[in-house]
Amino acid sequence: MSSRASRDPTALNATVVTSQKVREGRADEYQRWQDRVNRAAGEFKGFVGAEVFPPVAGEANEWVAVFRFSAMDYLTAWLNSDRRQELLDEAHGLFESPPTQEVLQGGTPAQPAQEAVTAVISHEVKPGCEDGFLSWQQKTLKEQEKAPGFMGSELFEPVAGVQDNWVVVFRFESRAYLDDWLTSDVRSKLLEEGSKYFTSYDVRKVGSSFSGWFSFDHGEDRSAPPNWKQAMSVLLALYPTVMVLNLTVGYGLEKLGIREYIGLFLSNVLSVSALTWLLMPTVNRALAFWLVPARARTRRVQVTGVAVMLLCYVVFIGVFGLITGQIW
């Protein structure tokens, strides 16, 4: 198995992202083998967790396994262990080619992003071109931040004496957004410019956000919306929720003779649940163009967002006015 690695020297966490192309018709056998690998890794000191991601639709039959340990020494102990080598020998016939991996040290775990997809790109940087590569990477990041659906990235430096490549892990809201960026003219020009700094690069797509394995702190989700926007969006979801509950559940509880303070508590439970798991996620997705700081950069976007909010308020007030027969 070939290895590549990079790290943030200020952090302890160590992660290995392994990619393996499974032979046609042997996916079930591979998954049973991978389960044994996961259990074996779990027996090693410093093991934090493991996840396995199936191939992305439309791509080659490439599975991705992610293992995290609490320190690089623990991870390398697992990677260099006789037990792992035995398992790799067992799986020799499962793969079309030798698996590859990126070993990353650092990265702060974060909350997972629903439906997001991740790309892992490994660069073989030319000796003496590290500063130029970093400058080029910063330029690339600035362009990525303009791309629709971009959610953040992390850059990992090589680990001295272990592996040599630089690795970038970045995330987009959907597969379509990721593909749009990877095939964009902007990125093609950047790659042409960056070819003076690296001899090769390797791209892997994962149909997942790595479930919070990385914080992707160089991106649009680095900061939260301003408080006034949060308040407006909560009001947008809260007002119709309370009105609907008052007209349905509240009316029913009153007919049943439930005491007012108990009925209010039950209504609050329902409204909080609806806001947390249904309405606020929907509002956040629908208004992401205005709520996400990295996207709401122009006055036009700001004004459009506020106008949409005010229009929704007026519509809700009018609808419930008609329903209750109290509209003037």
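The values are calculated or read from the model by the stated rules, or taken from the named source; none is laboratory data. Remember, it's a predicted structure, so these values are computed and weren't measured experimentally. Cβ coordinates were reconstructed from backbone atoms using ideal geometry, including for glycine residues, and neighbour counts include every protein chain displayed. In case anyone asks, the SASA skips ligands and DNA or RNA and just uses the protein heavy atoms, side chains included. Shrake-Rupley method; radii C 1.70, N 1.55, O 1.52, S 1.80 Å.
Of note:
- Single condition residue 228 does not satisfy, out of (1) of a type outside the set (Asp, Glu); (2) open to solvent by less than 70 Å² (accessible area, probe 1.4 Å); (3) in a helix (DSSP H, G or I); (4) modelled with pLDDT under 90: (2)
- The set of residues in the stretch 144-197 being among the acidic types (Asp, Glu), under 17 Å from the mean Cα position of the chain (by Cα) and under 27 Å from residue 128 (Cα atoms) consists of 154 alone.
- Scanning the stretch 307-328 for residues that are open to solvent by less than 40 Å² (accessible area, probe 1.4 Å) and either modelled with pLDDT under 90 or within 28 Å of the chain's Cα centre (by Cα) (or both) yields a count of 3.
- Scan of the stretch 62-83 for residues that are open to solvent by 30 Å² or more (accessible area, probe 1.4 Å) and within 29 Å of the chain's Cα centre (by Cα), ordered by number: 62, 70, 73, 74, 76, 77
- Residue within the stretch 278-288 that is under 21 Å from residue 309 (Cβ atoms) and not in a helix (DSSP H, G or I) present: yes
- The residues listed here are 134, 104, 94, 88; of these, the one that is open to solvent by less than 20 Å² (accessible area, probe 1.4 Å) and modelled with pLDDT of 85 or more is 94.
- Condition met for residue 175 (farther than 30 Å from residue 323 by Cβ and at pLDDT 90 or above): no
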